[in-house]
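Reading through the C-alpha cells given below for one structure.
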Amino acid sequence: MKYNPDIHHRRFLRLKGYDYSQAGFYFITICAKNRMCLFGEIENGEMAINNAGHMLHKWWNELNHKYRNIELHEQIVMPNHFHGIIQIKSTVGADLCVCPHDTRQKIEGEHTGSPLHAMIQWYKTMTTNEYIRGVKNNNWQPFNKKIWQRNYYEHIIRDEKSYHQISEYIQTNPLKWRDDKYYVP
C-alpha cells in the first residue's frame, strides 16, 4: 500500500531533538485502545481498581528494578488509562528543571540510561502479556488485538510548580472523571 499523506496523518508526539534519556521528570499517560475501561471503575469519586488495575501497579513498580536510574513518583490507574511521573536520575543528581537543549553526555547501556520510550515499551509489553494471561485464566474482560493505544503521551516537567500541578492532577483525577477527556460513559 502506498503512503497517502491525506490518510496517514499521525502526529509526532515527542519534542524534536530532545534526549529522553537525560535526567529529569516526565509525566506519562498511557491509554487503553479504543478507551476501553479494562482496569476498574470510578465509585463515589475514587478509583476502584480491579485485578487488571492491580497488575498495572505491579508492573509500574517493577520499572524501578529493571531501570536502576529512575524513581517513580505519583501514579494512578484510571478505568481506561494510566498516569505516572518518572524521574530519570543522573549519576550526579537530577535537577527538577529540564532543559530541552541539554548537551550533557548521556549514560550508555539499557539499564542505566534507557530513553523513556524504551521504559514505556517494556511496561506496555509486560502488562499486555499479563493481561492476556488474565483473560485466559481469570476471565478478565477480553480485548480486540491490543490493550494499549499505539503511542503514549509524555510531558517534560520543567519546574517545581509544574511538578506540583501535575501531581495534584494525578491525585484528583478520579474526582474529575466525568470531565476527563478519556471519560467514556
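Since every read-out is calculated from the coordinates, none of them should be taken as a lab result. It should be emphasised that the depicted structure is a prediction, and the values quoted were computed from it without experimental measurement. Here Cβ is always computed from backbone atoms with ideal geometry, including for glycine, and neighbour counts include all displayed protein chains.
Restricted to region 140-156, and to residues that are under 11 Å from the mean Cα position of the chain (by Cα) and outside any loop (DSSP other than H, G, I, E, B), which residue is farthest from HIS54 (Cα to Cα)?
HIS155
Within region 27-69, work out how many residues are in contact (Cβ under 8 Å) with a residue 24 or more places away in the chain, more than 19 Å from THR125 (Cβ to Cβ) and in a strand (DSSP E or B). Summing the residues that are in contact (Cβ under 8 Å) with a residue 24 or more places away in the chain, more than 19 Å from THR125 (Cβ to Cβ) and in a strand (DSSP E or B) in region 27-69 gives 7. Tell me, please, whether a residue that is of a type in the set (D, E, K, R), under 13 Å from CYS31 (Cα atoms) and in contact with a Phe, Trp or Tyr (Cβ under 7 Å, 6 or more places away or on another chain) can be found in region 168-182. No. Could you please find all residues in region 152-166 being of a type outside the set (Phe, Trp, Tyr) and surrounded by fewer than 16 Cβ atoms within 10 Å (Cβ to Cβ)? Once the filter is applied, which keeps residues that are of a type outside the set (Phe, Trp, Tyr) and surrounded by fewer than 16 Cβ atoms within 10 Å (Cβ to Cβ), region 152-166 yields HIS155, ARG158, ASP159, GLU160, LYS161, HIS164, GLN165.
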